[in-house]
Structure formats: structure tokens, C-alpha cells
Amino acid sequence: AIVATCPESELHEVALLGVALVCETLGFQVRYVGAAVPFKDLESAVEEHQPEIVCMSITNARLHPPVYRRYEQFRKFLAKRQVKFIIGGQFIGETKSHPLHADFRARSCSELEQYIRENYDVGAVPTESDLKSMN
């Protein structure tokens, strides 16, 4: 399973919906917990759903110090449970961005898909002939 979310300071969902769609297409059961979710609630979601991966969409290059501290606590919470933490957003790779640590930093949904395909046992992409035979 994968938990898809945005940190408590972010009120956006379009990119996160794209992340959820990519993960579902790859065969994962996605628990979409949404945007602006407090880290304490994210910890509860991880305890409840026990995902392999948490995907977090972040648009701000710099998290405010209190949010950054909670982010780091959450990252360590995941590491103790051996849950991979993937972050993504348009700022990833910018030199001005805050050094947010994660197991993987995706700049796009295609980078996320490539990482998951390379690191997890996922189903094959249907070929054109596979799709034609379904009709």
C-alpha cells in the first residue's frame, strides 16, 4: 500500500492526485489522505494502513521552521518502521530549496513511476496488442 498526502502547511491536491493515479496504475493500493494533513494524523494513517511507501507532494521550496521540525520527526518515524518516504514537487532540485531528506526526491510523476518500477515488483505495462485483445 501507498499513503499519498501533502504536509500540513500545503493546500494543493492536483499533483497529489497525479501521484495517486501513477501508483494505482502500477498496481498499488493507494490510501489518499489528502492535503494539509497534520503530521500526527499522518502517523496514525501509517499505523493503520502500514504502507510500503509514503508519497508526499510539496510545493514550497522552504518549510517554516516548526513545520520542518515536524517533517523531520515524521521522516524518522517512517524510517523506524522501514517505510520508504518519497517526496516530490516542482522545487525539487532547486539550489534554493530547503534540504528536505527523503528516500527519493521526484521532480515529476514520470520520475516517480521510474523509481517505483526500478525498486518494486510491479505489473508490466500493457502493450498495444494487450489492449486490442481486451476489445
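Among the numbered criteria (1) without any contact (Cβ under 8 Å) to a residue 40 or more places away in the chain; (2) farther than 21 Å from residue 119 by Cα; (3) of a type in the set (Gly, Ala, Ser), which single criterion is violated by residue 79?
Result: residue 79 fails condition (2) only.
Return a yes/no flag: does the range 89-100 have any residue that is within 27 Å of residue 121 (Cβ to Cβ), touching a helix residue (DSSP H, G or I) at 6+ places or on another chain (Cβ under 8 Å) and surrounded by fewer than 21 Cβ atoms within 10 Å (Cβ to Cβ).
no
Please specify each residue of the range 52-86 satisfying the condition of being small (Gly, Ala, Ser) and out of contact with any Leu (no Cβ under 9 Å at 6 or more places or on another chain).
61, 79
This table checks each residue for (1) at pLDDT below 70; (2) of a type in the set (Lys, Arg); (3) in a loop (DSSP other than H, G, I, E, B).
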{"position": "76", "(1), (2), (3)": "no, yes, no"}
{"position": "85", "(1), (2), (3)": "no, no, no"}
{"position": "90", "(1), (2), (3)": "no, no, yes"}
{"position": "94", "(1), (2), (3)": "yes, no, yes"}
{"position": "98", "(1), (2), (3)": "yes, no, yes"}
{"position": "105", "(1), (2), (3)": "no, yes, no"}
{"position": "112", "(1), (2), (3)": "no, no, no"}
{"position": "126", "(1), (2), (3)": "yes, no, yes"}
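The values are calculated or read from the model by the stated rules, or taken from the named source; none is laboratory data. Source: prediction; values computed, not measured. All Cβ positions, even for glycine, are placed from backbone atoms using ideal geometry, and neighbour counts span all protein chains on display.
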